[in-house]
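In what follows, a structure is listed as structure tokens, so that the remarks can point back to it.
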Amino acid sequence: MAELHQRPTTLCCCRKVLPASGGRCGELGGAGPGPGAGPDPGAGGRCPPLDVASASNFHCFQLRHLHLDLRLNFAVKEMSGWLVLDLAPVRPGVQTLVLDSHPSLLIHSIDCKVPGSGQDGPVSLTYRVDPFTDYGSSLNISLPAAVKPSRLFQITVRYTTTDGPAIWWLDSELTCSQSRPLVFTQGHSVCNRSFFPCFDTPAVKSTYTATVRVPDGVTVLMSASRSSYSKQDRVFQFSMEFPVPSYLVALVAGELQHVDVGPRSRVWAEPCLLSCAVNKLGGSVERWLGVAEDLFGPYLWGRCDIVFLPPSFPIVAMENPCLTFIIASILESREFLLIDVIHEIAHGWFGNAVTNATWEEMWLSEGLATYAQRRITTEAYGTAFTCLETVFRLDALHRQLRLLGDNNPVSKLQVKFEPGVNPSTLMNLFTYEKGFCFVSYLSQLCGDVKRFDTFLRAYISEFKFSSVVAQDLIDYFLGYFPELKDAAVAQREGLEFERWLNGCGPPLCEPDLSAGGALTRPVQELCELWAGGDPPDPQALATFDLSSWSTFQTVLFLDRMLDRSPLAHEVMVSLSSCYSSLFDGLNAEVQIRWLQMVVRNSFYPDLPRVRAFLHKHTSRMYTVPLYEDLVAGVMKCVAVEIFYQTQSRLHPNLRRTLQQILFQTSAVAANQNSPALSLIPPSPSPSPSPSPQPPQPGAGTTAAIALRDVNVSA
Ligand SMILES: [Zn+2]
């Protein structure tokens, strides 16, 4: 039974997580739900979460279960059906249910059943949709008087949804096999309100089930622990028996086949990709799971499947429970594939089992998952490899800091949103790498990495299937290590926990990465050889054999050379003659960095390579950075030409992003799927596909710098 596993939680306005069943919150305002009647800010003074239309309301209910019954229609790109919510009020006087929704979601009717109330059948309810932000709307449902505290009631919402931000319909030409259309959803952070009406906050978790009807030949997968298929009815049924937040409900449907790669893991992909995907992952998934279990305790989700998605997938990977989504483009870059899959596996403990209760503290998921990922790679591949990968990412963090400035508020671990800000703006390296550094610091404080593993294991055991705030982690840490509490480590001068969480700028300290020296030293020495302004001595160069380097060494070298660009023309000539042919045979992560150097240095002899790369690659991660560089330099006309030649093979969302890059004089990255590093909200807009927003007053160029040079997983 789902209830056995469920540990429902609700977030009080003072940011303490309470068991919903006993949903008492002394600090709650007495006004109750309804427009303008949100809870009192309370002692914490930072709530309600401003990205959730249901913020004034979700803690008034316990969400026990949700069910989706959907029919997928590829011809008109629609999902239609109904949503059933099993709810129980946790306090008296609740008259309105407020859910997060989206203008792309068309509500047909809403009814309610209150078992045991004496009413015969479902009662039709009145509702109203109000604008909320440019990424969602507010669905206000009037509840019948029969709804009473602790008594279960059931809301059914009949609706149709088309092409909201969560739902990506791919025509068959955008798939790898080009034979059938495909659809996938991407809920992180606040997109799933366009998939189904929900409490779209990581603070609320529930189990879910789903019934999905599709045309013949289409396979449906969901982030669920159980599934079944009736061929006769062409119906897929899913059950997620562990509670998850709305953003982790995910679906993909298309021509998908699988191969089992371990006792609890299988690889799914389009037929033309499957054997490559299986060869690349092989038995590694079970090995990584085993290492992770030794470190952090049992894997809680049962299945650990992986589905490879076409290049239109907007990010690198997403930790949907039981079923990681990952972009097929990463298959050719073995070391990145390895890191990305291990990172998503780590989310099985950090992020999915224990979740950040608000998006303002996303580091609780990403920082801890990054730390866990590196513990796994240390055990599986050694300290040197892990240190090299960490150096590469911390380099990127410092690059982002140089772009944004030390005082940029997005560099805080506890970001404070203004109303209407899309939490996706937190998908930046501070969340990952500054969060990682803080967790590493905690590990350092306890003096022994293995002791800290034991602490993390206990943390998961204590908080699994619930949502937490940073204070929960810190209180648990100090309770687990009373000697550290007695030594007042939280107030250690210059390294105060409060400063870690609320200070802008770089991490207060970074872990010792000298164990990676054997791998990072040659990279640094080669950079220094090239830094002189003149082409280096060929004999000195001959001592460096890049063909024997790992991908992370090569990309670290290229990133550092990118930092030094523009370079003298003679240096570029020499670099090209030394490495250009070698890079042709290496993976896309290497190639894109070399081609960015070509573009940033206006090095025309290698321009054909830029063209060939952009004709081949159609993913956001390999096109947007190159187009941005092309537009910023003297090669803009080349970019326009390539865009017109390739646009028919690009997903409409990516096409829109590139059009904005190419044809807007402003540097603002305004696409709904392309988060910019800004805390300034765009103007609210009821349109499902908001048009680009002009720069906001006060949002200087630094605040509007899009994520570039950054390979962000989710
Ligand atoms: Zn992640």
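The values are calculated or read from the model by the stated rules, or taken from the named source; none is laboratory data. The structure presented is a predicted model; accordingly, all values stated were derived computationally and were not measured. Glycine gets a Cβ as well: all are built from the backbone with ideal geometry, and neighbour counts include every protein chain shown. We work out accessible area using only protein heavy atoms, side chains counted, and drop any ligands, DNA or RNA first. Shrake-Rupley method; radii C 1.70, N 1.55, O 1.52, S 1.80 Å.
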Which value, in Å to one decimal place, does the Kirkwood hydrodynamic radius take for segment 334-390 when every pair of different Cα atoms is included? 11.5 Å
Charge context of Pro122, other residues only, Cβ under 10 angstrom, K/R +1, D/E -1: -1
Calculate the spin-label point distance for Ala542 paired with Glu496, positioning each point 7 Å from the Cα along the beta-carbon direction, and give it in nanometres. 6.0 nm
Roughly how far apart, in whole Å, are the Cα centres of segment 74-123 and segment 305-343? 34 Å
Between Phe481, Phe603, Gln237, whose Cα lies farthest towards the positive end of the dipole of the chain when Lys and Arg beta carbons carry +1 and Asp and Glu beta carbons carry -1, centred on the Cα centre? Gln237
How many angstrom separate the Cα center of segment 550-593 from the Cα center of segment 643-663? 26 Å
Explain nothing, just the number: dipole magnitude of segment 521-575 about its Cα centre with +1 on each Lys and Arg Cβ and -1 on each Asp and Glu Cβ, in debye rounded to the nearest 20. 140 debye
Say the cut-off is 30 Å between C-alpha atoms; which of Lys205/Lys412; Lys77/Lys636; Lys77/Lys148; Lys77/Lys616; Lys412/Lys464 go over it? Lys77/Lys636; Lys77/Lys148
Euclidean distance of C-alpha centroids, segment 443-515 and segment 252-293, integer Å: 35 Å
Leu495: accessible area at probe 1.4 Å, nearest 10 Å²? 40 Å²
dims of segment 127-215, Cα set, principal axes, largest to smallest, nearest Å -> 53, 30, 24
Charge dipole magnitude, Cβ of K and R +1, D and E -1 - the chain, Cα centre, debye nearest 20: 1500 debye
So, with a 1.4 angstrom probe, what is the percent of accessible area on the chain that is carbon and sulfur? 52 percent
Simple spin-label estimate for Arg303/Gln119, 7 Å along Cα→Cβ, in nm, reads 3.6 nm
In deg cm²/dmol, rounded to 500, what helix-only [θ] at 222 nm does the chain give when every DSSP H run of at least 4 residues adds -39500 (n - 2.57) and the total is split over its residues? -10500 deg cm²/dmol
Mind putting together the pair-distance distribution for the chain? All Cα pairs, 10 Å bins, whole percent per bin, short to long. 3, 15, 25, 27, 19, 8, 2, 1, 0, 0
Report Leu413's accessible area, 1.4 Å probe, all protein chains in place, as a number in Å² to the nearest 10. 10 Å²
